[in-house]
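Below: the structure, in structure tokens.
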Amino acid sequence: MSCDESSPIRSPVARIIPYTQMVHGETRVDNYHWIRRREEKEVIAYLQSENAYTESMMDVTKNLQNKLYAEFVSRIKETDSDVPTRIDDYEYYSRTETGKEYRIHCRRRVGDFSLDHNQNPKEEIILDENLEAEGKDYFRLGAFEISPNHSMLAYSFDVTGSEVYILRVKDLESGALLEDEISNVYCSVEWANDNRTFFYNTLDDAKRPYKLFRHILGRNSDLDESVFHESDDAFYLSLSKTRSKKYLLLELKSNTTSEVHYLDADLPDHSFCVIEPRRRGVEYDVHHCGDRFLIRTNNCAKNFRLMEAPLDTPSQEYWKEVIPHDDKTLLDGVSVFKNHLVVWARVAGLESIRVLDFRSGKTHEVKFEEPTYSIRGSWNPEFGSTTLRFSYESLTTPRSIFDYDMETRTRDLRKRYEVPGDYDPANYASERILATGQDGVQIPISLVYRRKFISDGPRPLLLYAYGSYGIVIDADFSSVRLSLLDRGFVYAIAHVRGGEDLGRCWYDQGKLLHKRNTFEDFIVAAEHLIKNGYTNPKNLVIQGGSAGGLLVGAVLNMRPDLFYAAIAKVPFVDVINTMLDSSIPLTVTEYEEWGDPNKKVFYDYILSYSPYDNVVRQSYPHLLVTAGLNDPRVQYWEPAKWTAKLRALKVDDNLLLLKTKMHAGHGGSSGRYEHLHERAFEYAFLLSVLGVDE
């Protein structure tokens, strides 16, 4: 494909309307600031013209898109069900049906062997997302909380992608919706133990969850009492419930600091009490077990340690150490059972599970054999259980649900999600290799490929990374990805600094005034893959989304010669302008991640890598950019402005496509089939520009 003079639609040209502002005594000029005015017809027309151009240029790939989509669908079990989870006298699960976009949430009574007309144990559908989504362009379920006596369901949903939710309550005995509907909520909802009181959080004008309200069933929500107001714009307010069901936890978090308040769930009309007042840079989370709180904290412990405190005096002066700090092990989190403590840890970039028996004091570890993998705790609601449920997957092993008996130390595979067709994991291989960074650090890279191709010379390679907020991109399985692997691709994840792959220091070295390490690590990883024969610059394509899209934009400015094509999904590329505007959702909370550009030292540093500000007159790889008109995390104008500036300055004929979802937000389409269509579009772009055939 090429965007030459014979194209049926010319590439859009955005008007230049200089907008100036003074920052640190310097005049900043933004020629495309006008694209922010979403209420103006000209802006919508511009986005639509970009969409029309993208569709026109991708028209030659329609058959390929359809083929890819058919492949994707053929590899999912369209009618399927999760492993049921027991809570008291019920088993809860969700399932999917062929042709339906959304999940159906169900339950059945334990020991109820009455059968339906299909001769299955009798099922009760408690919420069908497909019915909720009828007539809507977008639907995303938020909170989903069953009352303690199993008679009520409180749930929230978003119908625009803006992450502003509507809260409803359903009577599960009658199936009727109550009149208790509340707007402008986020996705924290928790029931008190009286089965008539619940708490929820609401949003301020910047879409930050900042207030906690108490609601009593049947009462007009206008009369709901505000229980807590978080006035610091850097903090988000959320709510959870301890696994013991004894306490409600009000959690207040910035990117570097946290504060937790607790309330006896049997006394919902009482006030929340603070565990330990916030101190800048100190993070902690709280769990309940018997006569104590267990507290995971980074206080005097870069990689976190575990403390305990009495219930009646939980402040820090009464904390005692349970698990000490280890500078080689990141204490990711804990799950507390009545008689066991499950410790989720990360060593040398790989996750581990350690189990402590409270009664004997003995600890053991659950082992995993593959060179790179991902484990996650599943829903474990039964506090008194001796069974831990977790999921395991790798680049070659589909998602697998295990029940692990913490007493006998045996595991039971409850479900391995089926990949219909002829998928055989033996046909694929995964590796974990190391690249040496410019400052001598070892950067892990996870790889997967089809075995017979790797020795056949450099292959097409898709390199992915994220590298921000301490988020780790683990080696997950993807049946969709098989369409690339089976066409000879290598898929690689660069575990760059900015994530917590190698502990909290790995994160700290990729944020604030060290952010450029993230981009340089990615470039080093790409060079290492080329040097070792996995690919070459004519076959190397890259992808990242959101903050990972920032990474893509930065490295394209720094080393456009190294990559042949890129996909930047909802990319955070207009860093300086966004971080100078405190009215935009997330901006103030992000100061602790990127720095506050109102301070010149951060302004100058961010300016050195901000993708939009560093576009220059040079050649760029083929590029597909996506945006969501209702995206509250990365405003649509960031990718739109970046695309406009690239069009004006780049000196090549490579494709530059912008696709804006006009009825979606940060995550793209909400339906599972719609999402597969989006992936088919992206893969068709890569395959087409690379000229990869079957």
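The values are calculated or read from the model by the stated rules, or taken from the named source; none is laboratory data. Everything numeric here is computed off the predicted structure, so don't read it as measured data. For neighbour counting, all protein chains shown are included, and Cβ atoms are generated from backbone atoms with ideal geometry for every residue, glycine included.
Quick notes
- Failed item, numbered, when residue 593 is tested on (1) part of a helix (DSSP H, G or I); (2) touching an Asp or Glu at 6+ places or on another chain (Cβ under 9 Å): (2)
- Annotation: of all residues in the stretch 177-218 being of a type in the set (Gly, Ala, Ser) and out of contact with any helix residue (DSSP H, G or I) (no Cβ under 8 Å at 6 or more places or on another chain), the one that is farthest from residue 239 (Cα to Cα) is 218.
- Wholly within the stretch 396-448, strands (runs of 3 or more DSSP E) carrying at least 1 residues that are under 20 Å from residue 372 (Cβ atoms) and in the same structural domain as residue 526 (by TED's automatic domain parsing): 428-436
- Every pair of residues 6+ apart whose Cβ atoms lie under 6 Å, when the first sits in the stretch 313-325 and is within 19 Å of residue 260 (Cα to Cα) while the second is of a type in the set (Gly, Ala, Ser) and surrounded by 12 or more Cβ atoms within 10 Å (Cβ to Cβ): 318/309; 319/309
- Qualifying residue in the stretch 262-276 (condition: surrounded by 19 or more Cβ atoms within 10 Å (Cβ to Cβ) and within 22 Å of the chain's Cα centre (by Cα)): no
- Test: residue in the stretch 160-171 that is charged (D, E, K, R) and surrounded by 21 or more Cβ atoms within 10 Å (Cβ to Cβ): yes
- The residues of the stretch 67-87 that are touching an Asp or Glu at 6+ places or on another chain (Cβ under 7 Å) and free of Cβ contacts under 8 Å to residues at least 40 places away in the same chain, listed by number, are 79, 84.
- Candidates 555, 601, 625 - the one that is part of a helix (DSSP H, G or I), within 30 Å of residue 459 (Cβ to Cβ), outside the structural domain of residue 253 (by TED's automatic domain parsing) and of a type in the set (A, V, I, L, M, F, W, C): 555
- Scan of the stretch 40-65 for residues that are within 29 Å of the chain's Cα centre (by Cα) and over 16 Å from residue 660 (Cα atoms), ordered by number: 64, 65
- Of all residues in the stretch 509-523, none satisfies being under 24 Å from residue 460 (Cβ atoms) and assigned to a loop (DSSP other than H, G, I, E, B).
- Each residue in the stretch 116-153 was checked for being out of contact with any His (no Cβ under 9 Å at 6 or more places or on another chain), of a type in the set (A, V, I, L, M) and either part of a strand (DSSP E or B) or at positive phi (or both), and 3 pass.
- Residue satisfying condition, being at pLDDT 95 or above, within 22 Å of residue 254 (Cβ to Cβ) and either in contact with a His (Cβ under 8 Å, 6 or more places away or on another chain) or surrounded by fewer than 21 Cβ atoms within 10 Å (Cβ to Cβ) (or both), within set 536, 598: 598
- Selection from the stretch 457-474 of residues that are over 13 Å from the mean Cα position of the chain (by Cα) and not in a loop (DSSP other than H, G, I, E, B): 461, 462, 463, 464
- Strands (runs of 3 or more DSSP E) wholly inside the stretch 167-225 containing at least 2 residues that are within 11 Å of residue 155 (Cα to Cα) and not β-branched (Val, Ile, Thr): 182-191
- Within the stretch 285-311, the set of residues being surrounded by fewer than 21 Cβ atoms within 10 Å (Cβ to Cβ) and either in the same structural domain as residue 258 (by TED's automatic domain parsing) or closer than 14 Å to residue 259 by Cβ (or both) comprises 285, 298, 299.
- A single entry from 351, 365 fulfils the requirement of being free of Cβ contacts under 8 Å to residues at least 40 places away in the same chain and within 19 Å of residue 328 (Cβ to Cβ): 365.
One line per residue, one yes/no per condition, for (1) in contact with a helix residue (DSSP H, G or I) (Cβ under 7 Å, 6 or more places away or on another chain); (2) crowded, with 20+ Cβ neighbours inside 10 Å:
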| residue | (1), (2) |
| --- | --- |
| 485 | no, yes |
| 505 | no, no |
| 525 | no, yes |
| 541 | yes, yes |
| 554 | yes, yes |
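- Number of residues in the stretch 650-678 that are more than 21 Å from residue 633 (Cβ to Cβ) and either more than 21 Å from the chain's Cα centre (by Cα) or at pLDDT below 95 (or both) equals 8.
- Number of positions in the stretch 345-360 that are within 18 Å of residue 385 (Cα to Cα) and surrounded by fewer than 19 Cβ atoms within 10 Å (Cβ to Cβ): 5
- Residue check for residue 672: surrounded by fewer than 21 Cβ atoms within 10 Å (Cβ to Cβ), in contact (Cβ under 8 Å) with a residue 24 or more places away in the chain and in contact with a Leu (Cβ under 6 Å, 6 or more places away or on another chain): no
- Enumeration of residues in the stretch 34-71 that are among the basic types (Lys, Arg) and buried (at least 20 other Cβ atoms within 10 Å of the Cβ): 36
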